[in-house]
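Structure first, commentary second.
The values are calculated or read from the model by the stated rules, or taken from the named source; none is laboratory data. These figures come from a predicted structure and were not determined experimentally. When we count neighbours, we look across all protein chains shown, and the Cβ atoms used for this are built from the backbone with ideal geometry, even at glycine. Heads up: the accessible areas ignore ligands, DNA and RNA and are worked out on the full protein's heavy atoms, side chains in. Shrake-Rupley method; radii C 1.70, N 1.55, O 1.52, S 1.80 Å.
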Amino acid sequence: MEKKKYKKVVLAYSGGLDTSIIIPWLKENYGCEVVAVSGDVGQGTELEGLEEKALKTGASKLYIEDLNKDFIEQYIWPTLKAGAKYEGTYLLGTSFARPIIAKRIVEIAKAEGADAICHGCTGKGNDQVRFELTIKAFAPELDVIAPWRTWDIKSREQEIDYAEAHEIPLKINRETNYSKDKNLWHLSHEGLDLENPQNEPLYDKILELGVSPEKAPDAPTYVTVHFEKGIPTAVDGVEMGAVELVAKLNELGGANGIGIIDIVENRLVGMKSRGVYETPGGTILYHAHEVLETICLDKETMHFKPMVAQKYADLVYNGQWFTPLREALDAFVDDTQKHVTGDVKMKLYKGNIINAGVTSPYTLYDEQTASFGEDDGYNQADSEGFINLFGLPIKEQAKLSKNWDK
């Protein structure tokens, strides 16, 4: 079947193994102009030399878009406020980075008058869904090219073969060929020995954002995070912008072995996947936010919110960021955060986060009421009537069930 012809294709370009070989592949197979777009969400040195590489391999131009501030404020903070963790563990580092990148790619594709958008996501992964649902939300008229679903290449080893044959420089080799994703929030590791869940991760070999707990300092590090309406705004009394704050906590958390998880998760496409994630600053923030909510949220809201958090996490993980439900959940979450303001002090020690104090001007904790000491505001005798009414169903069942088996 003859391929559809395109004049200009915008490629989601990271400069990694997949997208490095896609530029020449697109030109060989479609004869089209390729405009590369890289969304900067905190990849750091991975962006160095990217323009030269993109142009050398056949792109007509490369856009490098600074999305760092928006990434944290518009995607990470809402997810943090919701308390969303996929399957109770994963802090969604890759998941919410895709919608913001894809949205910007759509904007550039429209400005460039492109016929199609191309991505390097595999047909086995979640990212293909996240990219394409965003494209459908903002440019349903644009075609999507997904080489992994059509080309003859079947493995990362064959990708390296293709790159070597086309003299495309790579920063990896066959021995360090982990599949990684890095941004301001996290770093993920997949592939090679990690594909077998029986293998213990070689932390000394793969960790980049910090050290293993065994190599963390013997003395603890104290840190205090201040929140305003559920949003972190200061560390140790110093107000910081979103990017600076996450970077600071990544540094502190990484140095103390915080935020390393080894999990097998259920991918959207149906299979299980094993990965190692580093999220040092994010782990500190989630912990601090949860601690602050314990004194700022009433019982019913606090017990209901985890159900919202689970659904929110599923939406983010499944690429459904730009949906009415996610926006509606944000409205609920924002209302719960009106009084989530205060300071949380923590002790970081060899991979552990230990509570060291929490305060809030909106605290619902009354020390006098909760005290074991003398209290004029609570009549302990009232509890007798409460227990009688609360326990009435149990009492009635016990009384009446005596005759059931006779």
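The sole residue among Glu51, Glu28 that is open to solvent by 70 Å² or more (accessible area, probe 1.4 Å), touching a strand residue (DSSP E or B) at 6+ places or on another chain (Cβ under 8 Å) and at pLDDT below 95 is Glu51.
Count of region 382-406 residues, restricted to those that are closer than 28 Å to Met302 by Cα and among the small types (Gly, Ala, Ser), is 3. Could you please find all residues in region 221-239 being open to solvent by 60 Å² or more (accessible area, probe 1.4 Å) and not basic (Lys, Arg)? Matches in region 221-239: Tyr222, Glu228, Asp236, Gly237, Val238, Glu239.
Entry remark, region 60-85: residues being of a type in the set (Gly, Ala, Ser) and open to solvent by 10 Å² or more (accessible area, probe 1.4 Å) number 2 in total.
Hey, could you check region 337-360 for residues that are hydrophobic (A, V, I, L, M, F, W, C) and part of a strand (DSSP E or B) and say which is farthest from Pro213 (Cα to Cα)? I'd like the intermediate steps shown before the answer.
Going through region 337-360, the residues hydrophobic (A, V, I, L, M, F, W, C) turn out to be 340, 344, 346, 348, 353-354, 356, 358.
In the following step, the residues that additionally are part of a strand (DSSP E or B) were identified as 344, 346, 348, 353-354, 356, 358.
Details: Val344: 22, Met346: 17, Leu348: 10, Ile353: 12, Ile354: 14, Ala356: 20, Val358: 25 Å.
This residue is Val358.
If you filter region 240-264 down to residues that are more than 20 Å from the chain's Cα centre (by Cα) and more than 20 Å from Thr341 (Cα to Cα), you find that the one that is surrounded by the most Cβ atoms within 10 Å (Cβ to Cβ) is Asn256. The C-beta contact set for region 90-102 (first residue on the phi > 0 side of the Ramachandran plot, second residue open to solvent by less than 10 Å² (accessible area, probe 1.4 Å), distance under 8 angstrom, 6+ apart or interchain) comprises Leu92/Thr79; Leu92/Ala84; Leu92/Ala313; Leu92/Val316; Leu92/Tyr317. State all residues of region 50-103 that are of a type in the set (Phe, Trp, Tyr) and more than 23 Å from Gln320 (Cβ to Cβ); if no residue qualifies, say none. The answer is Tyr63, and nothing else. The single condition among (1) in contact with a helix residue (DSSP H, G or I) (Cβ under 6 Å, 6 or more places away or on another chain); (2) open to solvent by less than 70 Å² (accessible area, probe 1.4 Å) that Tyr362 does not satisfy is (2). Scanning region 197-217 for residues that are open to solvent by less than 90 Å² (accessible area, probe 1.4 Å) and touching a residue at least 24 places away in the same chain (Cβ under 8 Å) turns up Pro197, Pro201, Tyr203, Ile206, Leu207, Leu209, Gly210, Val211, Ser212, Pro213, Ala216, Pro217.
Looking for something of a type in the set (D, E, K, R), in a helix (DSSP H, G or I) and open to solvent by 40 Å² or more (accessible area, probe 1.4 Å) - is there at least one such residue anywhere in region 131-153? Step through it out loud before you land on a result.
In the first step, residues of region 131-153 are kept if they are of a type in the set (D, E, K, R); the result is 132, 136, 141, 143, 149, 152.
Filter once more, so that each one left must be in a helix (DSSP H, G or I): 132, 136, 149.
Add one more test, that the residue is open to solvent by 40 Å² or more (accessible area, probe 1.4 Å), and what stays is 136, 149.
Looking for residues that are of a type in the set (D, E, K, R), in a helix (DSSP H, G or I) and open to solvent by 40 Å² or more (accessible area, probe 1.4 Å), one finds at least one in region 131-153, hence yes.
Could you pull out the residue among Val246, Val264 that is modelled with pLDDT of 95 or more and farther than 23 Å from Asn318 by Cα?
On the way: Val264 fails: farther than 23 Å from Asn318 by Cα.
When all the criteria are applied, what remains is Val246.
Only a single item in (1) under 24 Å from the mean Cα position of the chain (by Cα); (2) more than 26 Å from Asp298 (Cβ to Cβ) is not met by Ile353, and it is number (2). Being closer than 30 Å to Arg267 by Cα and small (Gly, Ala, Ser) is a property that Ala370 lacks. For region 294-338, name all the residues that are under 19 Å from the mean Cα position of the chain (by Cα), touching a residue at least 60 places away in the same chain (Cβ under 8 Å) and open to solvent by 80 Å² or more (accessible area, probe 1.4 Å). Passing the criteria: only Gln310.
Keeping to region 2-20, report how many residues are closer than 22 Å to Asn183 by Cα and open to solvent by less than 20 Å² (accessible area, probe 1.4 Å).
At the first step, the residues of region 2-20 found to be closer than 22 Å to Asn183 by Cα are 10-20.
Imposing the further condition that a residue be open to solvent by less than 20 Å² (accessible area, probe 1.4 Å) reduces the set to 10-13, 15, 17, 19-20.
Residues that pass the stated criteria total 8.
Glu107 meets all of the listed conditions (1) out of contact with any helix residue (DSSP H, G or I) (no Cβ under 6 Å at 6 or more places or on another chain); (2) more than 21 Å from Tyr86 (Cβ to Cβ); (3) crowded, with 20+ Cβ neighbours inside 10 Å; (4) not aliphatic (A, V, I, L, M) but one, namely (3).
Write out, first by first residue and then by second, each pair whose Cβ atoms fall under 6 Å of each other, whose residues are 6+ apart or on separate chains, and whose first residue, in region 132-154, is free of Cβ contacts under 8 Å to residues at least 40 places away in the same chain while the second is open to solvent by 40 Å² or more (accessible area, probe 1.4 Å) and outside any strand (DSSP E or B). So the pair list comes out as Arg149/Gly123.
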